[in-house]
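Some notes on the structure that comes next.
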Amino acid sequence: MTAAVSSRLGRLARRELQERTAAQERCELCSAPIPSEHRHVLDLRGRELLCVCRACAILFDRPAAGGGQMRLVGDRRLRLEDFELDDAMWADLRLPVDLAFFFHSSPDERVMAFYPSPMGPTESLLALEAWQQLEAANPVLATLAPDVEALLVYRVRGARRHWIVPIDDCYALVGLIRTAWRGLTGGSEVWRQIAAALDDLDQRSRTASRLDAKERG
């Protein structure tokens, strides 16, 4: 191999490496490159999820970090197969659709209910008494980490599936629906993708009892 060819290949290799590096996701706090699978920090001021590197994730894995305004999203996923939520209790929660998530909001000092829609996450007014009844029937809900964990409920077409998940899982589902929804009913493709996402969630979750108020990540 001549020196000229070697030099040219070296330049091409360096250019490819630079392009690959530029295409990598970066930590939104320190700008370090991060892999596609990474943690998130929630900025409570605007409920914005920030992609973070391992070092920043460790830094914010403390309640006092970020002045209490930034919280690391955990990775606990629980499949609640014995969850108690009958049709009457669901009606009392006043959700207009059969797919929703619930979380404790520290800034609002209350539990909030949202459902995915083609327009993004949509809030539904939640009756406090209905949530208290649900929490009393399912003590595991008392273990929800404020702001960064949610109860995810899926009751579409007769399904009865319930999980405790990191809040970024809920927003990933919102993003899926927002981008794949077609027409009035969504179309078969979006429902196929939703089913695949929930099956994947099942695979990554461990089973827990609704009665276990001491369950932690």
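Please treat every number below as a calculation from the coordinates, not as lab data. Only a predicted model underlies this, so the values are computations on that prediction, with no experimental measurement involved. Cβ atoms come from the backbone with ideal geometry, glycine included; neighbour counts cover every protein chain shown.
Pick out which of R94, R157, R110 has the largest mean-square fluctuation in a Gaussian network model of the chain, springs linking Cα atoms closer than 10 Å.
Result: R157 has the largest fluctuation of those listed.
Taking the Cα centre of the chain as the origin and placing charges on Cβ (Lys, Arg +1; Asp, Glu -1), which of Y154, F60, W131 is farthest toward the positive end of the dipole?
Going by the Cα projections, it comes out as F60.
Estimate the FRET efficiency between E109 and D75 by the formula 1/(1 + (r/R0)^6), using the beta-carbon distance for r and 25 Å for R0, to the nearest 0.05.
My answer for the efficiency is 0.45.
Using the Kirkwood radius over C-alpha pairs as Rh, can you work out the diffusion coefficient of the chain via Stokes-Einstein at 10 °C, viscosity 1.306 mPa s, in µm² per second? List each step's numbers first, then the result.
Working: Rh = 19.4 Å.
Here the translational diffusion coefficient equals 82 µm²/s.
Where does the chain land at 222 nm, in deg cm²/dmol rounded to the nearest 500, when only DSSP H runs of n ≥ 4 count, each adding -39500 (n - 2.57), divided by all residues?
Working: 6 runs with 74 residues, N = 217.
Computed mean residue ellipticity for the chain: -10500 deg cm²/dmol.
Run the quick spin-label model on A55 and A180: label points 7 Å from Cα toward the beta carbon, then report their separation in nm to one decimal.
3.7 nm
Fewest to most neighbouring Cβ within 10 Å: what's the order for H38, H162, H104? Present the calculation step by step, with values, prior to reporting the outcome.
Details: H38 14, H162 21, H104 18.
With the sparsest Cβ surroundings first, the list reads H38, H104, H162.
All other residues with a Cβ under 11 Å from the Cβ of D199 taken together, and with Lys, Arg as +1 and Asp, Glu as -1, what is their net charge? Don't skip to the end; give the middle numbers.
Values: positive: R161, R192, R204; negative: D200, D202.
In short, +1.
Could you work out how much longer the chain between L211 and S31 gets when fully extended? Use 0.36 nm per residue separation minus the Cα distance between them, nm to one decimal.
Values: separation 180, 0.36 × 180 = 64.80 nm, distance 4.24 nm.
Going from the current span to full extension adds 60.6 nm.
So how far apart, in nm, are the two label points at S117 and A88 if each is 7 Å from Cα heading toward Cβ?
In this crude spin-label approximation the distance works out to 2.9 nm.
Pairing the Cα long axis of helix 128-137 with the longest principal axis of the chain, what angle in degrees results, from 0 to 90 and rounded to the nearest 10?
Once rounded, one gets 90 degrees.
Have a look at S205, S117, S106 and tell me which one the Gaussian network model of the chain (Cα, springs below 10 Å) gives the largest fluctuation.
Comparing S205, S117, S106 in a Gaussian network model of the chain, the most mobile one is S106.
Among D82, D43, rank each residue by its count of other Cβ atoms within 10 Å, from fewest to most, as a rough exposure measure. Don't skip to the answer; put the middle values down first.
Values: D82 12, D43 15.
So the residues, fewest neighbours to most, are D82, D43.
Just how far, in whole angstrom, is the range 57-90 from the range 182-214 if you go by their alpha carbon centroids?
Using only Cα atoms to place each centre, the spacing works out to 17 Å.
For the residue pair D200 and A127, what label-to-label distance in nm results when each label sits 7 Å from Cα along the Cα-to-beta-carbon direction?
The answer from the label model is 3.6 nm.
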